């Protein structure tokens, strides 16, 4: 009898732990967002090694990313409650600033940046 009760209690604890872990993972998924895109020149060619800056408008902290061979960049772990500014620089060219808004409900936003002289 004691073995059956102990086994039942253990089973309940395992199920509760698994449910809690799943809830925690789903909360993490909704608590962050990401932004990615491609940096191109005026002619539409992808630019490798351009520097993309992501500025947190609350803390003014800036993160940088050097674009990949296909001109791509990616920032993850971003707060959905913060607005971010993005810009790209390469040699003497710069893109205009683009904003990742707090009103954007997309979890994975794509913002492409075009360089201008």
Based on a Kirkwood Rh over C-alpha pairs, give the Stokes-Einstein translational diffusion coefficient of the range 32-116 at 4 °C and viscosity 1.567 mPa s in µm²/s.
102 µm²/s
Over the Cα atoms of the range 39-83, Rg to Rh with Kirkwood Rh, two decimal places?
1.06
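How much length is gained if the chain between residue 111 and residue 58 is pulled fully straight, taking 0.36 nm per residue apart and subtracting their Cα-Cα distance, in nm to one decimal?
Answer, rounded to one decimal: 17.1 nm.
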Could you check the spin-label model distance between residue 101 and residue 34? Points 7 Å from the Cα along Cα→Cβ, value in nm.
2.4 nm
For residue 76 and residue 89, extending 7 Å from Cα along the Cα-Cβ vector and measuring point to point gives, in nm, a value of 2.7 nm
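We did not get these values from a lab; they are worked out from the coordinates using the rules stated. None of these values were measured; they are calculated from a predicted model. Neighbour counts run over all protein chains shown; Cβ positions are idealised from the backbone, glycine included.
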